[in-house]
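To start, the structure itself, in structure tokens.
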């Protein structure tokens, strides 16, 4: 069973629907024992870092997530869930979970494209990911695949060793970060068409390690399956 | 680098899609769930639904459409029309929409933008603006006025001022619909679109007037739009989304080409 963590941070139903479409059982929960007993965890999130951390602490889920991470079971962070796993955030000057060393930064303003056009904030829409290293959850993703982003802050781990992929928007920022059994992405795989579904499917079969890459067949077959 | 988005727009009445020509004489063209899936598989980057159901008794039909669409497609989609209260916003988002577009309700009660953004985040509040060209005046300095009721009622608000106000209140995006261009297939409003887009720091979706790929190219380049809404030209099969994207890609516009 996959636990999707519910801490009142955004629309969890779209994550649930995508996981179910892929044929995996999941539940949306904020109950500590259900989370700790689950086989893997999806940690989504939309909204502001300060409120999200306050809600997590109120529910006691900050400690649960740390415990879960230390147990070595797979965790997928999405959007805000890819930010507040770092030590702290410039947004609301929030102290965060500290599962990966680093901090969450605001895009510098004004921001300009290579063609010197002023870029808008939030970074909203489809953009690519430049993979810096192989990761089982990103297996099968092509350089031309794009993903749906919507954010004004981005994760900046303390070391490049945690950066799995980067994306260009005025600056080149880390858009996929990972450490041990934790993988996290700034974009929304559940809203990123077949490429996003592929990432979710990879995660749903990932053992949390790096040695074994699962054979998943052709991504184009996903829309027909389930 | 961010891609420019191509967004098919489906008008829905009583659970069925229509395409309005200047908001009159709507013709029934099909099932919104089927059409959404069709466009999703064709490479649409997002889908917009406008609920033009007249009777509030039938609102639940739209919620059911939203729920069924959310089970079929895995790209963002938004719902506009008939959103009056924070509770309406909540129901649509919970049914599975990514964004809600407020138009008339925002004109009558701008607080709904701020309340919606605070409760659910700016990213899911789209300010829908219906705009008509008028004589520039002290009251309407830009020469573009906000209209409601499908363009029949002028509300005395300057379009540029309203766009800036919407951003300040917390809207995460603007869907800018030119009533003059809507349904004409003669091209997007090429003066209005850059005027708004260059004066706000949130994305602007251009709407109304697409008749060919050149029009879309123009509004995404000279027009400074972040996304283009398309309706008739895809609904009636003049172009597929793939053909539009191929055409834009060949001319150097960054669009998502793999799906």
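When you scan segment A:114-122, do you find a residue that is under 21 Å from residue B:5 (Cβ atoms) and buried (at least 24 other Cβ atoms within 10 Å of the Cβ), even just one? Checking segment A:114-122: not a single residue is under 21 Å from residue B:5 (Cβ atoms) and buried (at least 24 other Cβ atoms within 10 Å of the Cβ). Filtering segment B:218-242 to residues that are away from chain A (no Cβ under 14 Å), at pLDDT 95 or above and farther than 14 Å from residue B:7 by Cα leaves only B:218. Checking each residue in segment A:15-28 for being away from chain B (no Cβ under 13 Å) and either assigned to a loop (DSSP other than H, G, I, E, B) or surrounded by fewer than 19 Cβ atoms within 10 Å (Cβ to Cβ) (or both) picks out A:23, A:24, A:25, A:27.
Among the residues of segment A:141-151, is there at least one that is under 16 Å from the mean Cα position of the chain (by Cα), assigned to a strand (DSSP E or B) and under 20 Å from residue A:50 (Cα atoms)? Looking through segment A:141-151, at least one residue is under 16 Å from the mean Cα position of the chain (by Cα), assigned to a strand (DSSP E or B) and under 20 Å from residue A:50 (Cα atoms).
Per-residue answers, yes or no, for (1) within 14 Å of chain A (Cβ to nearest Cβ); (2) on the phi > 0 side of the Ramachandran plot; (3) outside any loop (DSSP other than H, G, I, E, B):
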{"residue": "B:61", "(1), (2), (3)": "no, no, yes"}
{"residue": "B:69", "(1), (2), (3)": "yes, no, yes"}
{"residue": "B:79", "(1), (2), (3)": "yes, no, yes"}
{"residue": "B:82", "(1), (2), (3)": "no, yes, no"}
{"residue": "B:88", "(1), (2), (3)": "no, no, yes"}
{"residue": "B:94", "(1), (2), (3)": "yes, no, yes"}
{"residue": "B:114", "(1), (2), (3)": "no, no, yes"}
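Given the condition free of Cβ contacts under 8 Å to residues at least 24 places away in the same chain and in a loop (DSSP other than H, G, I, E, B), answer yes or no: does some residue in segment A:51-62 qualify? Within segment A:51-62 (the criterion being free of Cβ contacts under 8 Å to residues at least 24 places away in the same chain and in a loop (DSSP other than H, G, I, E, B)), the answer is no, since none of the residues qualifies. When segment B:96-107 is filtered for residues that are in a strand (DSSP E or B) and either within 14 Å of chain A (Cβ to nearest Cβ) or more than 22 Å from residue B:162 (Cα to Cα) (or both), the ones remaining, listed by number, are B:99, B:100. For the condition at pLDDT below 95 and either away from chain B (no Cβ under 13 Å) or in contact with a strand residue (DSSP E or B) (Cβ under 8 Å, 6 or more places away or on another chain) (or both), residue A:138 does not qualify. Entry remark, segment A:29-50: residues being touching a strand residue (DSSP E or B) at 6+ places or on another chain (Cβ under 7 Å), surrounded by fewer than 21 Cβ atoms within 10 Å (Cβ to Cβ) and part of a helix (DSSP H, G or I) number 2 in total. Only one of the listed residues (B:159, B:171) is within 14 Å of another protein chain (Cβ to nearest Cβ), modelled with pLDDT of 95 or more, crowded, with 24+ Cβ neighbours inside 10 Å and under 16 Å from the mean Cα position of the chain (by Cα). That residue is B:171.
Restricting to segment A:116-135, give me the number of residues that are outside any strand (DSSP E or B) and more than 9 Å from chain B (Cβ to nearest Cβ). The qualifying residues number 6. Among the residues of segment A:65-87, is any on the phi > 0 side of the Ramachandran plot and free of Cβ contacts under 8 Å to residues at least 60 places away in the same chain? Taking every residue of segment A:65-87 in turn, none turns out to be on the phi > 0 side of the Ramachandran plot and free of Cβ contacts under 8 Å to residues at least 60 places away in the same chain. Evaluate the following for residue B:134: is it farther than 24 Å from residue A:151 by Cβ, away from every other protein chain (no Cβ under 14 Å) and in contact with a helix residue (DSSP H, G or I) (Cβ under 6 Å, 6 or more places away or on another chain)? No.
Among the residues of segment A:2-14, not a single one is touching a strand residue (DSSP E or B) at 6+ places or on another chain (Cβ under 6 Å), in a loop (DSSP other than H, G, I, E, B) and modelled with pLDDT of 95 or more.
The values are calculated or read from the model by the stated rules, or taken from the named source; none is laboratory data. From a predicted model like this one, the values you see are computed outputs, not experimental measurements. Glycine gets a Cβ as well: all are built from the backbone with ideal geometry, and neighbour counts include every protein chain shown.
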